[in-house]
1. In segment 87-99, how many residues are under 19 Å from the mean Cα position of the chain (by Cα) and either surrounded by 18 or more Cβ atoms within 10 Å (Cβ to Cβ) or farther than 13 Å from G63 by Cα (or both)?
2. What strands (runs of 3 or more DSSP E) lie completely within segment 76-186 and have 2 or more residues being charged (D, E, K, R) and either touching a residue at least 60 places away in the same chain (Cβ under 8 Å) or touching a Phe, Trp or Tyr at 6+ places or on another chain (Cβ under 8 Å) (or both)?
3. If you go through segment 39-54 one residue at a time, do you hit one that is in contact (Cβ under 8 Å) with a residue 40 or more places away in the chain, farther than 29 Å from P95 by Cβ and within 17 Å of the chain's Cα centre (by Cα)?
4. Would it be correct to say that R223 is over 17 Å from the mean Cα position of the chain (by Cα) and assigned to a loop (DSSP other than H, G, I, E, B)?
5. Is it the case that segment 149-167 has a residue that's at positive phi and crowded, with 19+ Cβ neighbours inside 10 Å?
6. Scan segment 169-216 residue by residue and report those that are surrounded by fewer than 19 Cβ atoms within 10 Å (Cβ to Cβ), among the basic types (K, R) and over 30 Å from W10 (Cα atoms).
7. Condition first: under 23 Å from Y41 (Cα atoms) and among the basic types (K, R). Now tell me which residues in segment 210-254 satisfy that.
8. Hey, does segment 2-12 have a residue that's under 16 Å from the mean Cα position of the chain (by Cα) and either crowded, with 17+ Cβ neighbours inside 10 Å or at pLDDT below 95 (or both)?
Amino acid sequence: MKQEGLIRIWKEEEKIAHIKGWDFSHLDGRFESDQGIPWDYDKLVRKYLRPDMRLLDYDTGGGEVLMSFGHPYDMTSATEGYPPNVELCRKVLTPLGIDFRECNDASRLPFEDGTFDIMTNRHGDFDPVEIRRVLKTGGYFVTQQVGGDNDRDLVEMVLPGAHPLFEGQELFLGSRKKAFEDAGFEILESGEVFTPIRFYDVGAFVWFARVIEWEFVDFSVDRCLDRLLDLQKKIERDGVIEGTTHRYMITARKK
């Protein structure tokens, strides 16, 4: 395809880039990620979750992962702070009887002390001190997180010299475990891994970069056009654009 046609496709991907909840189905067959992670977040949660527990899912997205647990609705609470997802949760979760509350400050959860038996969090924000406050003694926190080095090589491909994600924050397993221990938790399980992320066309990369705007700050097709054309050459040569994801997980219990 000629260059003008490719640019037109990329700008269309840029225009339509949006997400409801945490739905990446637009990239089905064009993108691979989170393959090779040695733990299963769903199994981690189910290892500790019982039907009689009061559950809080913080930064629930659109509630997709929360709903997969099949926990009794009247024992379930959730929060979300991203406005489009807040509206989605109000439409989907609240009518089921799930206690949904808008919240975008992990250090000020809108719940009383000692409310929950277990708190889950997949790729969201968290504050160990505040988590301890809302958990009952012996309560569990189970999380899978995006680490500080996530997608750094991808960002450098189009925005060389960009500041690291959440610069100055220690988003690595060792520092996060220490923060929980300092807050009065016992670490039950933990792990950290770096795995490939792959794109099979530049348009998929463009859509992803626009959606994950907190990592690809100031990205646009116009601004990064020369770099995107270089990536197109890489696709034509290698068939893939490959970067690196950074994930870690922690299961902790309040002492």
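The values are calculated or read from the model by the stated rules, or taken from the named source; none is laboratory data. Given the structure is predicted, the values throughout are model-derived calculations rather than measurements. Note: ideal-geometry Cβ built from the backbone for every residue, glycine included; neighbour counts use all protein chains shown.
1. From segment 87-99, those under 19 Å from the mean Cα position of the chain (by Cα) are 87-89; that's our starting set.
Those still in the list that are either surrounded by 18 or more Cβ atoms within 10 Å (Cβ to Cβ) or farther than 13 Å from G63 by Cα (or both) too: 88-89.
The total comes to 2.
2. Numbers: elements: 76-80, 99-102, 116-122, 135-146.
Strands (runs of 3 or more DSSP E) meeting the threshold: 116-122.
3. There is at least one residue in segment 39-54 that is in contact (Cβ under 8 Å) with a residue 40 or more places away in the chain, farther than 29 Å from P95 by Cβ and within 17 Å of the chain's Cα centre (by Cα).
4. Working: over 17 Å from the mean Cα position of the chain (by Cα): yes; assigned to a loop (DSSP other than H, G, I, E, B): yes.
Criteria met by R223.
5. Quick first cut of segment 149-167, residues at positive phi only: 151, 161, 166.
Adding the requirement that they be crowded, with 19+ Cβ neighbours inside 10 Å leaves 151.
Yes, that holds for at least one residue.
6. K177, K178
7. Residues satisfying the conditions are R247, R253, K254.
8. Of the residues in segment 2-12, the ones under 16 Å from the mean Cα position of the chain (by Cα) are none.
No; the residues of segment 2-12 include none that is under 16 Å from the mean Cα position of the chain (by Cα) and either crowded, with 17+ Cβ neighbours inside 10 Å or at pLDDT below 95 (or both).
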